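One structure follows; several queries about it will come next.
The values are calculated or read from the model by the stated rules, or taken from the named source; none is laboratory data. Since the structure is predicted, the reported quantities are computational estimates derived from the model, not experimental observations. So basically every Cβ, Gly included, is an ideal-geometry build from the backbone, and we count neighbours across all protein chains shown. Keep in mind that these areas ignore ligands, DNA and RNA; they rest on the heavy atoms of the full protein, side chains included. Shrake-Rupley method; radii C 1.70, N 1.55, O 1.52, S 1.80 Å.
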Amino acid sequence: MILQAGNQTFDVQAVAFDKDGLLFESHTFWLELARVRAHTMAKHLPPEQVLRWLAFFGVQAHLEGEDYVITDVDSMGIMAIAACWEEITVTAGFLTEHGGMDWTQARRVSQQVFQESDRSLDLKRALKAKPGFPDIFRRLRAAGVPYGIATSDPAHRAIQSVDLFDDAKALSFLITPDDVSVGKPEPEMLYAVSQRLGIPTEKILMVGDSYVDVLMARRAGAIGIGIPEEASMVPQMEPYANAILSSLEELVF
């Protein structure tokens, strides 16, 4: 398939997408997820420590009564870019330092916090589709082009998220940190896509909202297209991206 991105064209045999920030508005999701996590963590820490933990993760918040009001999430902070297992490990370390727990207890509590908050998260409330999604998935299906997701999010949440707007069963692949030994921006996720589909990496298009997505593509020898949510991401993408667009709707084929 010949795909046009801006004023450039690429010969593409498969397309990989990041999830948050590309298919869904990241801040809408992060704000709700941070709120749910804060209330779950409050079962184990006093309010001032919960706020400190949120700040450590790059989350700006304050208390209004017993409610944690989340005002912003740093797009380069731990919550925005770390894999779930990394967040759990960092939280366990925080609990040993500030929660008076030994490592065994801290690790167990940290896992419980993330599992419980994931179960409590209302994805319908948290997710808002970006322009061009899910239409881009439907267009690729119609063209007979394999497509899927390469994300730092857990597989179950990625599947639930897609199913709210489209059909996750139609994905040709779903690559998460559980499928590789090291995640973005290392190239393993795209190597996994290549192996599963039997397509060389140079024919795989990786689309993402962060420089780690296009850097991963560059390291894998794939095609990397950036669609940043924030203008501040553009300079970080420019050394690695084959093209930088403003919307999924600009992918023409």
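Return the aspartates and glutamates within reach of LYS128: Cα separation strictly under 12 angstrom, same-chain partners fewer than 8 residues apart disregarded; answer none if there are no such residues.
Within the straight-line limit of under 12 Å, LYS128 reaches these aspartates and glutamates: ASP20, GLU25, GLU32.
About the Cα centre of the chain, what is the dipole size in debye to 20, counting +1 per Lys and Arg Cβ and -1 per Asp and Glu Cβ, all else neutral?
Numbers: 22 positive and 35 negative charges, 124 e Å.
Dipole of the chain, to the nearest 20 debye: 600 debye.
Could you size up the charge dipole of region 29-114 around its Cα centre, putting +1 on the beta carbon of Lys and Arg and -1 on that of Asp and Glu, and report it in debye to the nearest 20?
Using Cβ point charges on Lys, Arg, Asp and Glu, region 29-114 gives about 280 debye.
Moving on to the next point. Would you please put 39-46, 146-153 in order of how densely packed they are, using the mean number of other Cβ atoms within 10 angstrom per residue and starting with the highest?
146-153, 39-46
Give the accessible surface of the chain per residue, rounded to a whole number of Å², with probe radius 1.4 Å and ligands, DNA and RNA excluded.
Accessible surface, normalised per residue, equals 44 Å².
Per DSSP H run of at least 4 residues, take -39500 (n - 2.57); add these up for the chain, divide by its residues and hand me the 222 nm value, nearest 500 deg cm²/dmol.
Computed mean residue ellipticity for the chain: -12500 deg cm²/dmol.
Could you sort out which of LYS130/LYS184; LYS43/LYS184; LYS43/LYS130; LYS130/LYS203 sit more than 30 Å apart by Cα distance in this structure?
Checking Cα-Cα distances, LYS43/LYS184; LYS43/LYS130 exceed 30 Å.
If you roll a 1.4 Å probe over region 12-84 with all protein chains in place, what percent of the accessible area is carbon or sulfur?
51
Please identify every one of the GluC sites (Glu not before Pro) in region 58-89 that sits in a loop by DSSP and has no more than 10 other beta carbons within 10 Å of its own beta carbon.
Qualifying residues, ordered by number: GLU66.
By Kyte-Doolittle mean hydropathy of at least -0.5 and Cα axial length of at least 20 Å, which whole DSSP H helices of the chain are selected?
26-41, 84-98
May I pose another question? What percent antiparallel are the DSSP beta bridges of the chain, to the nearest 5? Each step should come with its number before you reach the end.
Working: 13 of 30 bridges.
So the antiparallel bridges in the chain amount to around 45 percent.
Taking the mean number of other Cβ atoms within 10 Å as a proxy for protection, how do you rank 91-99, 136-144 from highest to lowest? Before the final figure, lay out each step's value.
Working: 91-99: 18.9, 136-144: 15.7.
Descending packing order for the listed peptides: 91-99, 136-144.
At a 10 angstrom cut-off on C-beta neighbours, averaged per residue, how do the peptides 235-248, 21-34 rank from highest to lowest? Please report the intermediate quantities before stating the final value.
Numbers: 235-248: 16.6, 21-34: 21.1.
So the peptides 235-248, 21-34, ranked by packing, come out 21-34, 235-248.
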